[in-house]
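To keep things clear, I will list the structure first and then write my remarks on it.
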Amino acid sequence: MVDDSFWDGDSMRGSPSIRISLSQQRAFFYKGGQLAGVSPISSGREGLDTVTGKFKITQKDIDHVSSLFGDYVDADGNVIQKDVDTSKDPKPKGAIYDGARMPYFMRIVGGTGMHEGYLPGYAASHGCIRMPGHMAAAFFHSVELGTPVSVEP
């Protein structure tokens, strides 16, 4: 995927807000109502759609690890079963759950948040909003708990 992002938020003042466009697969960051940055995203794939609506940032965790999605590994860290959903996939005997890394996690509702992740160029996540690392970091460092986030179809 082409990373056509930009960030000018460090030089801007004003209250932050974020608008996510699922149809455009883009996140728009505003400060004081002025566009401060744009990032490509990868939102939830069919059947695991990203929720739409008006939300607020309820948690920030720079080193977040998923409690639901990841891999089952052996004691040496070798993958036994990849891309598991702990709510559906039973853990094999002797396996250890290794949760998916979600750096710069910004929770917006339930288990859904924005974070650094793989962007294949289309909606492919389990419902979260993935962003390139440098943009996830910029958004993370520029939001506060309570920052408004609008997720639109």
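None of the figures in this text is laboratory data; all of them are computed from the coordinates on show. Keep in mind that this is a model prediction, so the values were computed, not measured. Counting neighbours? That spans all protein chains shown, and the Cβs are built from the backbone with ideal geometry, glycine included.
Figures for the structure shown
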| read-out | value |
| --- | --- |
| Interchain or long-range residues, amide H under 5 Å from Ser125's placed H | Ser43, Gly44, Arg45 |
| Length-normalised contact order of the stretch 44-140 in % [C-alpha pairs under 8 Å, at least 6 apart] | 33 |
| Given [x] 2, 10, 19, 21, 19, 13, 8, 5, 3, 1, 0; [y] 2, 8, 16, 20, 21, 18, 11, 3, 1, 0; [z] 2, 10, 17, 18, 18, 15, 11, 6, 3, 1, 0, 0, the label whose value is P(r) over Cα pairs in 5 Å bins from 0, in percent derived from this model | [x] |
| Neighbourhood net charge (15 Å Cβ-Cβ; Lys/Arg +1, Asp/Glu -1) for Arg13 | -2 |
| Charge dipole (the chain, unit charges on Cβ, about Cα centre) - positive-most of Met131, Pro148, Ser11 | Pro148 |
| Rounded to whole Hz, the Karplus (6.51, -1.76, 1.60) HN-Hα couplings of the stretch 63-75, x for glycine and proline | 10, 4, 10, 5, 9, 10, 10, x, 10, 9, 10, 8, 4 |
| Helix 133-142 vs. the chain, principal-axis angle (Cα, 0 to 90°, nearest 10) | 60 |
| Packing rank of 17-25, 80-88, where each peptide gets the mean count of other beta carbons within 10 Å, highest leading | 17-25, 80-88 |
| Two-site FRET efficiency, Asp98 against Met12, from Cβ-Cβ distance with R₀ of 41 Å, rounded to 0.05 | 0.60 |
| Stretchable slack from Asp83 to Leu48, in nm (0.36 nm times residue separation minus alpha-carbon distance) | 11.2 nm |
| DSSP-loop chymotrypsin sites (Phe, Trp or Tyr not before Pro) across the stretch 57-134, with at most 11 other Cβ within 10 angstrom | Tyr118, Tyr122 |
| The chain, helix-only ellipticity at 222 nm - DSSP H runs n ≥ 4, -39,500 (n - 2.57), divided by all residues, nearest 500 | -2000 deg cm²/dmol |
